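Right, I'll just put the structure down here and ask away after.
The values are calculated or read from the model by the stated rules, or taken from the named source; none is laboratory data. Small disclaimer: the values here were computed from a predicted structure and weren't measured. FYI the Cβ positions are ideal-geometry reconstructions off the backbone, even for glycines, and counts take in every protein chain you see. The area values use the complete protein model at the heavy-atom level, side chains included, leaving out ligands, DNA and RNA. Shrake-Rupley method; radii C 1.70, N 1.55, O 1.52, S 1.80 Å.
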Amino acid sequence: MGNWVVNHWFSALVIAAWLGLNIFLFVLFFLMFDRDEKYHYTRQLLGSALAWARASAKCLNFNSMLILLPVCRNLLSFLRGTCSCCRRTMRKQLDYNLTFHKLVAYMIVLHTAIHIIAHLCNFEWYNDAQQATDESLASVLSELHQDNGLWLNPIYSNTTTPLYVAFTTIPGLTGVIITLALILMVTSSVEFIRRSYFEVFWYTHHLFVIYFVGLVIHGIAGVVRGQTAESLKEHIPKKCEPYYKEWDRKRSDHHCKEPEFGSIPAESWKWVLAPLILYAFERVLRFWRSCQKVVVTKVVKHPSKVLELQMYMKGFSMEVGQYVFLNCPSVSHWEWHPFTLTSAPEENFFSVHIRAAGDWTESLIDTFEQQKPKTPRIKVDGPFGTASEDVFQYEVAMLVGAGIGVTPFASILKSIWYKLQHADQKLKTKKIYFYWICRDTGSFGWFNDLLASLEQEMEASGKAGFLSYHLFLTGWSSSMVGHAALNVDKATDVVTGLRQKTSFGRPMWSNEFSAVAAAHPRSVVGVFLCGPGPLAKSLQNCCYQHSSLDPRKVQFYFNKENF
C-alpha cells in the first residue's frame, strides 16, 4: 500500500476531489429542493423525487462541463509545456486524461439514470394529482392557474400518456435524444469495439454535438416549477397550506391568496459554455493545422508489413515521444488515427511507422504500395505530448516497447544519438535501460540500423555503459534456439547481427527491477511503456514492489503511452 501511495498519491487526491465535488453538489441541491420553502407545494405533488431529479441534474451539468477538457489535445500539450518546470507528479496527471474522461463519462451515465428514474416518478405523480377528484391539496394545486402561465402541474388532461410527454414536449424529446446519444457513445466505447471497429467508435462519438445541444435546450421549457418570490411574500406555505380550500376567499379568517408558480431558469448553458468555446477553438486549430501542406519525402517498406513515412511540413516542431494524427483522403476523408513519431527533434523531417492492424492501416499501406498515379496525400494534426516527453527528466530510465510499441523509444534513442554526437551537457539522464519484446525476428529489422549506430557512437564517445538494451523474442522454435546456442561464442547475435544477444521468452521483470534498484539505490527511475494492458499491470506492480518508502532511496515512476 505504501509503494502504491508513492506512485499514485496525487492521482488519488485528484479523483477524491472530483468525487467530493460531485457528492457536495448532489447533497447541496438535494437539500435545497427537499427543504426550500419555494418548492414546498412542488414537493406536495412529487415528494422526494423532485430533489433526486434536480440534484442529479446539477451533477450532470458539472460533469458535462468536465467531459471535453481531457480530450482537448492542444490544451494538454500546452499545459505539459508550461508545467515543464513543475514537479513530475503534476505532469504525470496529464497522462491520465483518457482515464479521467472515462470516469467522468461513467458519472454522467449514473446521474442520467437517476435523473430519468426520478422524472418517470415525477410524471406519474403529476398525472395522479391531475386525475384526483377528492379535493385533496394535490388536486387543488393541479387546477391552479392553468390559463395564465402561473401553473404548477404541467399536465392538463386526464388522457395524457408517457409517450405523449416524451415526444411532444421539449424536455421529453430532448431527454430521449440525449439518452440515445449517450447510450450509443458509451456502448461503442468498450474496448472490443474500439479496437476491432474503430470507425464505429469514431463516428458515434461525434454524437457529443447532439448531446450538448440537447442538454442546453432540455431545461428551457421550465416544466418543473417553484413558487415565485412575489407569491411567497403574500402566501407563506406553512401558514396557508392547512386552509387550502379557503384560498382567495375574502371572508375567510385565514385569507391567503392562491400561490403562483414560475419556472426554474435553464442553467446548463452556463456550465458548458466555456468548455464548448474552448473545444471549438481546439477544433478550429486542428482544422487549420490539417490544411497545411505535407510533403512525403520518403516511403520505406519494413518487414512484418510495416510502412515508414518520412514527411516534411513547414513550421513543424516536435519533442521526443510525441504523436500525430494522420488522415489520408484517398482512404477516408473523415478518419484520423494516432501514430507515435519515430524521428528525433534534431532531424529535418518527421516520421511514423505504421503497422497493418485494421482496415484503415491496411488500406493506407496498400495505397502507398501502389502509388498510382502519384504519392497519396497525407494530412497531419499535431504533434501532441505524451508521457515519453519526460524521459530526459529522470536520471535513470527504463524503456519498454512491445512490437510496434517501440516507436516512441525510437525517437528517444535517435535523439540520444544526436546528443552524444554533440556532447550535450544539458542531458540529465545518466543511464537508459531499453527492453524490446517482439513476436517474430522480422520486427527487429525496423530499427536494427539505429541500435547498431548507437553501439558504435557510445563506444567511440566513451559512454558504452550509457545504454543497456535487451531484445526478447517471444515467438521462437527449438531449432532457432539450438542455432543460437551453437553460435553463442560469436561476437554478434545470430538473430539481429547486433552485439547484444537476443533472449528467448519474456523478461523476468522482478529480476530486472531488482537489478536496476541495486545499481541505482538512490535514484529516481522513470519506467516508460508503449504496449498492451497486461504488460502495463505487470510493470506497475513491479514499480509498487521495488519503490522504497524512504524518499531518499530508489523510486520507480510508471508512465504509459495513452492515445
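Between helix 359-370 and the chain, what is the angle of the helix's C-alpha long axis to the longest principal axis, kept within 0 to 90° and rounded to the nearest 10?
That helix lies at roughly 40 degrees to the long axis.
Same structure again: What is the angle, in °, between the Cα long axis of helix 49-67 and the longest principal axis of the Cα atoms in the chain? Nearest 10 is fine, range 0 to 90.
Roughly 30 degrees between the two axes.
Still on this structure: Can you give the FRET efficiency for ASP147 and ASP36, using 1/(1 + (r/R0)^6), R0 = 25 Å, r = Cβ-Cβ distance, to the nearest 0.05?
On the way: r = 27 Å, r/R0 = 1.08.
After rounding, the FRET efficiency stands at 0.40.
Would you mind listing how long segment 55-184 runs along its three principal axes, going by Cα atoms, in whole Å with the largest first?
Reported extents, whole Å, longest axis first: 71, 27, 23.
Something else: Please sort 390-398, 213-221, 406-414 by packing, taking for each peptide the average over its residues of neighbouring beta carbons within 10 angstrom, highest first. Walk me through the numbers on the way to the answer.
Working: 390-398: 21.9, 213-221: 19.0, 406-414: 25.2.
In descending order of packing, they fall as 406-414, 390-398, 213-221.
Between helix 208-218 and the chain, what is the angle of the helix's C-alpha long axis to the longest principal axis, kept within 0 to 90° and rounded to the nearest 10?
20
Once the Cα atoms of segment 230-310 are picked out, what are the Rg and Dmax in Å?
Rg and Dmax of segment 230-310, Cα atoms, are 33.6, 97 Å.
Compute the length gained on full extension between LYS293 and HIS333: take 0.36 nm times their separation in residues and subtract their Cα-Cα distance, giving the result in nm to one decimal. Write out the running numbers ahead of the final one.
Values: separation 40, 0.36 × 40 = 14.40 nm, distance 1.59 nm.
12.8 nm is the gain from fully extending LYS293 to HIS333.
If you don't mind, there's one more thing I want to ask. Could you list, bin by bin from short to long, the percent of Cα-Cα pairs of segment 162-268 in 10 Å steps?
Per 10 Å bin, starting at zero, the Cα-Cα P(r) for segment 162-268 comes out as 14, 25, 19, 19, 11, 8, 4, 1 percent.
Right, something else. Would you compute, from DSSP H runs of 4+ residues alone, the mean residue ellipticity of the chain at 222 nm, taking -39500 (n - 2.57) per run and dividing by the full residue count, rounded to the nearest 500?
On the way: 21 runs with 274 residues, N = 563.
Helix-only estimate at 222 nm: -15500 deg cm²/dmol.
How would TRP288, TRP202, TRP360 rank on accessible area, largest to smallest, probe 1.4 Å? Please report the intermediate quantities before stating the final value.
Details: TRP288 150, TRP202 50, TRP360 10 Å².
The ranking, largest first, comes out as TRP288, TRP202, TRP360.
How would ARG194, ARG506 line up by accessible area, probe 1.4 Å, largest first? All intermediate terms of the calculation are to be shown ahead of the outcome.
Details: ARG194 55, ARG506 175 Å².
From most accessible down to least: ARG506, ARG194.
Would you compute, for the Cα atoms of segment 514-553, the largest minus smallest coordinate along each principal axis and list the three values in descending order, in whole Å?
If we take the Cα atoms of segment 514-553, the spans are 31, 16, 14 Å.
Based on alpha-carbon atoms only, what is the radius of gyration of segment 290-343 relative to the globular estimate 2.2 N^0.38 Å? Intermediate values should be presented prior to the final figure.
Numbers: Rg = 12.0 Å, N = 54, 2.2 N^0.38 = 10.0 Å.
Against the compact-globule rule of thumb, the ratio is 1.19.
How big is D, in µm² s⁻¹, for segment 390-439 by Stokes-Einstein at 4 °C and 1.567 mPa s if Rh is the Kirkwood radius over C-alpha pairs? Please list the in-between numbers first.
Details: Rh = 11.5 Å.
D = 113 µm²/s.
On the full set of protein chains, 1.4 Å probe, figure out the accessible area of THR375 and give it in Å² to the nearest 10.
Rounded to the nearest 10, the figure is 60 Å².
To continue, here is another question. Averaged across orientations, what area in nm² does the convex hull of the alpha carbons in the chain project? Mind showing how you got there, number by number?
Details: hull surface 134.6 nm².
One quarter of the hull surface, i.e. the mean projection, equals 33.6 nm².
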